[in-house]
1. If you stretched the chain out fully between Ala97 and Gln176, how much longer would it get, using 0.36 nm times the residue separation minus the C-alpha to C-alpha distance?
2. What is the P(r) of region 11-59, as percent of Cα-Cα pairs per 10 Å bin from 0?
3. His54 accessible area, nearest 10 Å², 1.4 Å probe?
4. On the full set of protein chains, 1.4 Å probe, figure out the accessible area of Thr170 and give it in Å² to the nearest 10.
5. Could you rank Glu117, Glu19 by how accessible they are, 1.4 Å probe, largest area first?
6. Could you tell me how many cubic angstrom of Cα convex hull volume region 96-135 has per residue?
7. Quick check: at a probe of 1.4 Å, how many percent of the accessible area of region 162-233 sits on carbon and sulfur atoms?
8. Per residue, how much accessible surface does region 177-247 expose to a 1.4 Å probe? Answer in Å², no decimals.
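The values are calculated or read from the model by the stated rules, or taken from the named source; none is laboratory data. The structure presented is a predicted model; accordingly, all values stated were derived computationally and were not measured. Just so you know, the surface numbers come from the protein's heavy atoms only, side chains and all, with ligands and any DNA or RNA stripped out. Shrake-Rupley method; radii C 1.70, N 1.55, O 1.52, S 1.80 Å.
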Amino acid sequence: MARSSSGDSMVDRVVRILESFDPDTPALTVSELAARADLPLSTTSRLVEQLVGHGLLSRDADRRVRIGVRMWELAARASPTLGLREAAMPFLEDLHAVVGHHAQLGVLDGHEVLFLERLSAPGAVINLTKIAGRIPLHASSAGLVLLAHATPALQDAVLRRPLRSYTPRTISDPKQLRAVLAQVRQQGFVHCPGHIHTDAAGLAVPVRDRHGQVVAALSVVVPDDERALGRLPVLRAMARGIQQALTTAAPG
């Protein structure tokens, strides 16, 4: 496999280009891509043209580069979370109809929660979550649920890293975080008032598969007021519905 003078392969360089895009920057110039991927401009330009030719990237009217439809097609076809999202969507829609703000589904990916879906409404409380967006596990309600049921090795790894504070109420102390994770496992939910934004509260419960393993977190983001915890019964009911749907859909 062809390698550059720095030792990285062609695949390495392509991956660095693709990873340059994020939910906040869906379109980039070739120069911006080169800077983000830490590649020479000429190399970036050549690879972008090849990826555009295969439909993995595309150009908009301003010649900026975006992820192509072909990339979306391949990712959707291969995603191991596709069945989970399909099973969850009817319940996520019902949850959103009751809550009226934000309802979302997240899964564990490394040290972050990756959001597969988010349903919102006009005028809903502020929410930093985006579809295919990520938030550190310690900071959000969905992340805390997933971290609480993760392996001890992953929990230790997260606890050893700096814990970013979004607001004064974000859990940034490792000892406090460990205690909260134990509480989440015991009570089966987590309530995060003002952890990411002072006006919003996150509420999350685990979603389990037919074997009882936690495969996702179902959460809502609502105004941080005395009514926030009142959404817990419907949240739990929808999580049970998703588990039943996963059990019914499972082979055998």
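1. Details: separation 79, 0.36 × 79 = 28.44 nm, distance 3.42 nm.
Taking Ala97 through Gln176 to full extension adds about 25.0 nm, to one decimal.
2. Binned Cα distances yield the sequence 28, 64, 8.
3. Around 140 Å² of this residue is reachable by solvent.
4. About 10 Å², ignoring ligands and nucleic acids.
5. Working: Glu117 15, Glu19 140 Å².
Result, largest first: Glu19, Glu117.
6. Details: hull volume 2.4 nm³, N = 40.
Once divided by residue count, the hull of region 96-135 is 61 Å³.
7. On the way: 1780 of 3630 Å².
On region 162-233, the fraction of accessible area on carbon and sulfur atoms equals 49 percent.
8. Values: 3130 Å² over 71 residues.
Dividing the accessible area of region 177-247 by its residue count gives 44 Å².
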